[in-house]
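What follows is one structure encoded as structure tokens, with my remarks underneath.
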Amino acid sequence: MTTSLYGKYGGQFVPEILMPALAELEEGYQRYKDDPEFLKELDYYLKDFAGRETPLYFAKNLSKKYGTRIYLKREDLVHGGAHKLNNTIGQSLLAKYMGKTRIVAETGAGQHGTATAMTGANMGFETVVYMGAKDIERQLMNVYRMKLMGTEVHTVESGSKTLKDAINEALRDWVTNVENTHYLIGSVVGPHPYPMIVRDFQSVIGNEVKEQIMEKEGRYPDSIVACTGGGSNAMGIFHPFIEEKDIKLFAVEAGGSGMTTTKHAALHSASLCVGEDGVLHGARTRILQDKYGQILESHSISAGLDYSGVGPELAYLADIGRLTPCHADDDEALAAFHELSRMEGIIPALESSHALAYVMKAAQSGELGDLVVINLSGRGDKDLETVIKLEQGGQI
Amino acid sequence: MNIPDKFLELRARDESALIAYVCAGDPTPDATEGIVQALICGGADIVELGLPFSDPVADGPTIQAASERALSAGMNSDKYFEMVASLDVDIPLVCMTYYNLIFKRGIEKFVLDSKDAGISGIIVPDLPVEESEELAECCVSNNVDFIFLIAPTTTEERINMILEHGSGFMYLVSRVGVTGARSDVAESTTKLLSRVKTDIPKAVGFGISNGKQAKEVVEDGADAVIVGSAFVDIIASGKDVNARLEALAKELKDGILSAKR
């Protein structure tokens with residue numbers, strides 16, 4: 001068995017019922033991850049179904065304005081509109097090789113749900129996605145996309161009705177149907193081996209960047225910037241560069257409407273920046289919690305970052321100083337959303353807009369260096385409704 | 001009274017136990033004393049008092065709703081221990097809660113506070129044996145029983161590992177899934193009872209809601225029957241709560257007593 005820990009973080013804090021399933025998953029992953037047949041099929045799906053590799057785009061107008069060379073890793077061009085498909089292809093294939101017939105997933109923004117619906121339909125799984133009632137409201141298009149592809153979408157009415165509650169519900173489904181079902185978790189969170197598996201499948205992002213940036217610039221970047229909710233796009237682009245210690249890694253969390261906390265809720269989703277050591281969704285990590293350990297609801301303009309926890313490996317990398325946790329708030333993200341659309345003709349997802357916003361804030365200080373890669377993790381079409389609503393003075 | 005003594009007492013009468021679960025502070029902190037007394041009057045031998053958590057992944061809709069009611073009515077770990085300490089009872093009390101509340105309070109402090117409040121055992125449904133070393137050791141040194149769950153999916157190897165570390169009773173999960181009342185008793189219960197070979201009392205829970213089921217489970221070899229959601233449903237209804245809790249506890253205990261072993 002591989003180690004389940006990243007420093008003090010990680011582990012397997014799940015009901016006993018699931019322990020054998022986690023062992024089975026770990027065993028399956030170890031068996032197939034280097035299997036030539038599996039890898040051939042994985043490559044085929046990544047290339048012909050997802051549309052990889054994605055471009056590493058030099059954002060010339062942005063670079064000029066901010067006085068540093070800025071590249072965008074175009075994960076927004078992956079089939080479905082976000083990096084999420086990299087992981088669902090990998091895990092769905094794994095589930096197929098392991099003989100599972102049913103897939104359950106949680107979704108926040110609906111991007112992971114959509115990506116799961118895509119691979120679920122393509123590979124012939126019965127597919128069920130849990131989504132918080134509040135998220136369903138703000139992401140109706142994604143709900144319809146999932147249904148189009150034959151996925152059953154369950155509304156989650158418990159708790160804060162967002163991503164964390166959808167994860168709870170997906171875990172409950174898995175507990176009940178563990179024999180034929182694979183839980184296809186959408187981020188580098190949850191009990192071991194999930195953080196490792198999702199990171200590995202998302203590492204295709206960073207591996208491509210390595211080759212592309214060498215080709216274009218003849219050297220590695222000074223810094224890499226990625227938005228971080230659970231952290232899968234961040235780990236995907238960071239992981240291949242972890243050993244390149246001169247490269248600065250910035251994990252940009254959602255600063256929401258302020259870095260403060262009311263009694264039951266944080267006004268942000270910045271668990272790396274200000275969260276505390278705790279256990280949520282099967283892993284020890286940094287979480288937003290009150291003094292008793294009750295989980296605080298989180299907030300962000302972007303459903304995909306609106307989460308009270310963060311992947312355990314990110315918490316570890318933050319502890320040892322290998323990455324820098326930082327944040328951009330709702331307004332800054334919205335401004336970046338507009339600016340990239342106007343300046344480069346690319347409409348970014350509100351999630352990715354947080355990474356852009358941080359670069360726009362920090363570029364002038366020089367802390368990012370002369371060559372920056374931003375993971376443009378998703379496209380913004382899904383957010384238009386939210387943005388229109390906001391601009392008409394509505395609440396989200 | 002502690003858990004082993006209770007089971008000794010019951011074994012002397014060749015009797016299985018009724019373990020009742022309710023969520024502390026549901027619907028209000030003041031209601032819990034009356035609820036616990038009603039359960040005991042009806043025949044509960046041990047009462048599990050849930051310390052509500054915001055994200056109870058092992059629980060079905062009934063106990064999720066109870067947790068939400070209790071939390072909105074102001075329940076928290078401090079009030080929980082205060083309230084438990086004030087209960088006037090002569091039976092073992094067990095604390096059931098999720099790991100983050102223990103972790104956040106500090107493992108040792110949580111166990112000491114439990115002991116001081118008169119709690120005899122702790123159940124943590126999201127803490128498998130691999131992650132439980134520190135808590136288990138702390139329980140042993142403070143004479144608090146640490147109760148593990150065993151599921152139908154648990155392998156023989158894991159059963160042995162769990163038996164090595166658990167005490168008080170073994171919580172056998174009658175079926176895969178989350179907590180919640182159901183109308184039948186799963187076949188998997190019989191199988192699981194025969195797979196777990198130990199002198200530690202075996203308690204069966206998840207899905208049991210009436211006297212007939214309780215009787216069946218005892219006839220299959222259970223030393224105790226755990227009922228939660230069926231009681232919580234009564235509390236949720238808000239109607240004639242304590243009388244109906246007592247009546248259900250009595251029905252369950254009668255079912256247990258009528259079992260032919």
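The values are calculated or read from the model by the stated rules, or taken from the named source; none is laboratory data. Computed from a predicted structure; not experimentally measured. For neighbour counting, all protein chains shown are included, and Cβ atoms are generated from backbone atoms with ideal geometry for every residue, glycine included.
One table, with the values for the structure above:
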| quantity | calculated |
| --- | --- |
| Checklist (1) within 17 Å of the chain's Cα centre (by Cα); (2) on the phi > 0 side of the Ramachandran plot; (3) at pLDDT 95 or above applied to A:G110, failing item | (3) |
| Selection count where residues are under 17 Å from the mean Cα position of the chain (by Cα) and either farther than 24 Å from B:R13 by Cβ or at pLDDT below 95 (or both), scope segment B:235-261 | 1 |
| Matching residues in segment B:141-163 - criterion: being charged (D, E, K, R) and either over 20 Å from the mean Cα position of the chain (by Cα) or surrounded by 22 or more Cβ atoms within 10 Å (Cβ to Cβ) (or both) | B:E156, B:E157, B:R158 |
| Within segment B:1-23, tally of residues that are loosely packed, with under 13 Cβ neighbours inside 10 Å and either among the basic types (K, R) or in a helix (DSSP H, G or I) (or both) | 4 |
| Yes/no for A:Y292 being aromatic (F, W, Y) and in contact (Cβ under 8 Å) with a residue 24 or more places away in the chain | no |
| Residue tally, condition in contact (Cβ under 8 Å) with a residue 40 or more places away in the chain, of a type outside the set (D, E, K, R) and under 19 Å from A:P312 (Cβ atoms), over segment A:193-224 | 8 |
| Residue within segment B:52-72 that is surrounded by fewer than 21 Cβ atoms within 10 Å (Cβ to Cβ), at pLDDT 95 or above and farther than 29 Å from A:V175 by Cα present | no |
| Residue match in segment A:149-163 (condition: out of contact with any Leu (no Cβ under 8 Å at 6 or more places or on another chain) and over 26 Å from B:V178 (Cα atoms)) | yes |
| Verdict on B:K202 being of a type in the set (K, R), within 20 Å of B:L39 (Cα to Cα) and touching a helix residue (DSSP H, G or I) at 6+ places or on another chain (Cβ under 7 Å) | no |
| Number of positions in segment B:100-135 that are on the phi < 0 side of the Ramachandran plot and more than 14 Å from every other protein chain (Cβ to nearest Cβ) | 11 |
| In segment A:2-55, residue farthest from the other protein chains (Cβ to nearest Cβ) [restricted to those that are surrounded by fewer than 15 Cβ atoms within 10 Å (Cβ to Cβ) and among the β-branched types (V, I, T)] | A:T2 |
| Wholly within segment B:55-159, helices (runs of 4 or more DSSP H) carrying at least 3 residues that are closer than 23 Å to A:K263 by Cα and of a type outside the set (K, R) | B:61-72, B:77-86, B:99-105 |
| Some residue of segment A:288-297 being of a type in the set (D, E, K, R) and modelled with pLDDT of 95 or more | yes |
| Test set (1) outside any helix (DSSP H, G or I); (2) modelled with pLDDT under 95; (3) not aromatic (F, W, Y) - B:T28 fails condition number | (2) |
| Criterion: more than 25 Å from A:M235 (Cα to Cα) and within 19 Å of the chain's Cα centre (by Cα) - qualifying residue of A:V78, A:V153, A:V129, A:V143 | A:V143 |
| Any chance B:L149 is of a type in the set (A, V, I, L, M, F, W, C), at the interface with chain A (Cβ under 10 Å from one of its Cβ atoms) and either touching a Gly at 6+ places or on another chain (Cβ under 7 Å) or under 23 Å from B:T198 (Cβ atoms) (or both) | yes |
| Pair list, Cβ under 6 Å, 6 or more apart: segment B:66-78 residue closer than 8 Å to B:G25 by Cα, other residue hydroxyl-bearing (S, T, Y) and assigned to a loop (DSSP other than H, G, I, E, B) | B:A73/B:T28 |
| Some residue of segment A:267-274 being surrounded by fewer than 24 Cβ atoms within 10 Å (Cβ to Cβ), in contact (Cβ under 8 Å) with a residue 12 or more places away in the chain and over 28 Å from B:D59 (Cα atoms) | yes |
| Residue in segment B:13-25 that is at negative phi, basic (K, R) and touching a residue at least 24 places away in the same chain (Cβ under 8 Å) present | no |
| Segment A:291-308 - residue that is in contact with a helix residue (DSSP H, G or I) (Cβ under 9 Å, 6 or more places away or on another chain) and at the interface with chain B (Cβ under 10 Å from one of its Cβ atoms) and, of those, surrounded by the fewest Cβ atoms within 10 Å (Cβ to Cβ) | A:K291 |
| Residue in segment B:219-228 that is under 22 Å from B:P52 (Cβ atoms) and in a loop (DSSP other than H, G, I, E, B) present | yes |
| Members of segment B:155-189 that are within 9 Å of chain A (Cβ to nearest Cβ) and without any contact (Cβ under 8 Å) to a residue 12 or more places away in the chain | B:T155 |
| Positions within segment A:148-167 being touching a residue at least 40 places away in the same chain (Cβ under 8 Å) and of a type in the set (A, V, I, L, M), in sequence order | A:V153, A:L163, A:A166, A:I167 |
| Scan of segment A:168-185 for residues that are more than 7 Å from every other protein chain (Cβ to nearest Cβ) and free of Cβ contacts under 8 Å to residues at least 24 places away in the same chain, ordered by number | A:E179 |
| Residue check, B:V47 under 13 Å from the mean Cα position of the chain (by Cα) and either in a helix (DSSP H, G or I) or not small (G, A, S) (or both) | yes |
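To keep it simple, each residue is scored yes or no on (1) within 11 Å of chain A (Cβ to nearest Cβ); (2) out of contact with any Cys (no Cβ under 6 Å at 6 or more places or on another chain); (3) within 22 Å of A:V175 (Cβ to Cβ); (4) buried (at least 24 other Cβ atoms within 10 Å of the Cβ).
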residue	(1), (2), (3), (4)
B:L39	no, yes, no, yes
B:I46	no, yes, no, yes
B:G50	no, no, yes, yes
B:G74	yes, yes, no, no
B:S77	yes, yes, no, no
B:Y80	yes, yes, no, yes
B:L87	no, yes, no, no
B:P92	no, yes, no, yes
